[in-house]
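The values are calculated or read from the model by the stated rules, or taken from the named source; none is laboratory data. Just so it is clear, the structure is predicted and the values come from calculations on it, not from any experiment. Every residue, glycine among them, receives a Cβ derived from its backbone with ideal geometry; neighbour counts consider all protein chains shown. Surface accessibility is based on the protein's heavy atoms, side chains included, excluding ligands, DNA and RNA. Shrake-Rupley method; radii C 1.70, N 1.55, O 1.52, S 1.80 Å.
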Amino acid sequence: MYTFEDRKGRSLTLRPEGTAAIVRSYLQNNMAMLAQPVQLYYIEPFFRYNQPQKGRYRQFWQVGVEVIGESDPALDAQIIQLALVILKDLGIDKLFTLQLNSIGTPESRKKYIASLQDYYFGKERHLCENCQVRLGSNPLRLLDCKEEDCVTLAKLAPSFSEYLDPESKEFHADLKEFLDELGIAYVENPKLVRGLDYYSKTVFEFWDNTSDSQNAIGGGGRYDGLVELLGGPSTPAIGFAMGVERLIANMKRAKVRVPHKDELHVFVAQLGKEAKKKCLPLIMQMRERGIKTVGALGKGSMGAQLKIADKFGAPWTIIMGLTEVREGVAIVRNMKLGTQEKVKFPKVMDKIIELIGEENLDTYHPGELLYG
Ligand code: HAM
């Protein structure tokens, strides 16, 4: 952690992650009184005092999700699905593989840790410096060390599955059934332990499947004991977080085209009061439908209005004049090619949706639940 003294000699620590703080907030704000589970998200900067390298910074951003107050494995499947939906929406889901494991209850973990320490007894000198220290403090981390000798030793180490308690085993089997039902592929990875101490049962990470560096874009798991550890009642919970800089780097790598938030779908040009009367409600209806629309409602000539449409970079323009009003049509113009066609006025919105593609509509409506 990033810990230092301020000018008055007080010890300050910058938060390394969000989960513990969210649980603290859940308790302080009495969220146990709300309908459970409580579903929260954050997009925030965090700080870790590690050696900076490609994709690893001392200050970085995470987008994270925490769901507190539900113990069903169906929720674990849903949470994993949500992470995948985000990766898919960003256009980079194909680059990653879901790594899945169960690290059981604290009791079964204790037994397993004892067996690990037994196994490593006498082999300490073959371990890297870090792992020699971790053997005493957090032996599970020896399993995911990337140093060559440590990897070799970890290969022959006892497997957690032998020590998993029956409840966690059943839970994990149920989770896998739900994932299968959702068509979500995963790699069972008995060596996946995660770097944070609060996990229980389900743990998962998304690994880059095009490199060996095992750089995770995100990860998470269940932490059924954390609420109690921070002074609350026994409360199950699960969550995950993804690194924003890593998301962006991978979107660049996959050459994902990011639409500008102000990018227009359509410009509405009109001549005369009758046309304006038709265009006003159309503009509103199109906006409500998620078509990003700007209308020229002043008195400029058609040429001047089309110039404005060009400046906005609108790919399509709807043109209405008195003739069109009388004929009950609108002209839809492709601004790039300069071609245009007549469309029956009541069908003009459908036509625009067809042209820009339903999936490109702006579907963000404030107040609407994003998930669940
Ligand atoms: P984490 O695996 O430590 O989990 O971090 C999640 C993600 O944050 C990583 O997969 C990575 O993309 C990004 N990340 C971590 N450290 C750095 C860094 N130094 N530089 C750039 N990116 C980084 C957690 O933090 C848990 N709180 C996740 C969680 C939520 N578990 C349950 N709920």
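The convex hull defined by the C-alpha atoms of region 25-145 has an orientation-averaged projected area of 11.0 nm².
Proximity of backbone amide H atoms, modeled 1.01 Å from N, is registered between Gly321 and Leu271 at under 5 Å, excluding neighbours fewer than 5 places apart on the same chain. For region 155-276, the mean projected area of the C-alpha convex hull, equal to one quarter of the hull surface, is 15.1 nm².
Of the solvent-accessible surface of the chain, computed with a 1.4 Å probe and all protein chains present, 54% belongs to carbon and sulfur. Surface analysis of region 266-369 yields an accessible area of 61 Å² per residue, using protein heavy atoms and a 1.4 Å probe. Taking packing as the residue-averaged number of other Cβ atoms within 10 angstrom, the listed peptides 76-84, 276-284 run from highest to lowest as 76-84, 276-284. In this structure, the amide hydrogen of Ser200, modeled 1.01 Å from its nitrogen in the peptide plane, lies closer than 5 angstrom to those of Arg222, Tyr223, Asp224, counting only residues at least 5 positions away or on a different chain. Cross-link check: pairs Lys273/Lys299; Lys110/Lys191; Lys311/Lys344 evaluated at a Cα-Cα cut-off of 18 Å; pairs beyond the cut-off: Lys311/Lys344. The fraction of all Cα pairs in region 266-369 landing in successive 5 Å bins from 0 to the largest distance is 2, 13, 25, 26, 20, 8, 4, 2, 0, given as whole percents. Based on Cα atoms of region 83-237, Rg over Rh with Rh as the Kirkwood radius reads 0.98.
Considering helices alone, the calculated mean residue ellipticity of the chain at 222 nm is -10500 deg cm²/dmol, with DSSP H runs of length four and up weighted by -39500 (n - 2.57) and normalised per residue. Taking the average, over residues, of other Cβ atoms within 10 Å as the packing measure, peptides 29-40, 238-249 rank 238-249, 29-40 from highest down. Within the straight-line cut-off of under 16 Å between alpha carbons, the lysines reachable from Lys176 are Lys201, sequence neighbours fewer than 8 places apart in one chain being disregarded.
Placing one equal scatterer on every Cα of the chain and applying the Debye formula, the log10 ratio I(q)/I(0) at q = 0.08, 0.10 Å⁻¹ is -0.58, -0.78.
Sites listed here are GluC sites (Glu not before Pro) in region 253-295 whose DSSP assignment is loop and whose Cβ has at most 14 other Cβ atoms within 10 Å: Glu263.
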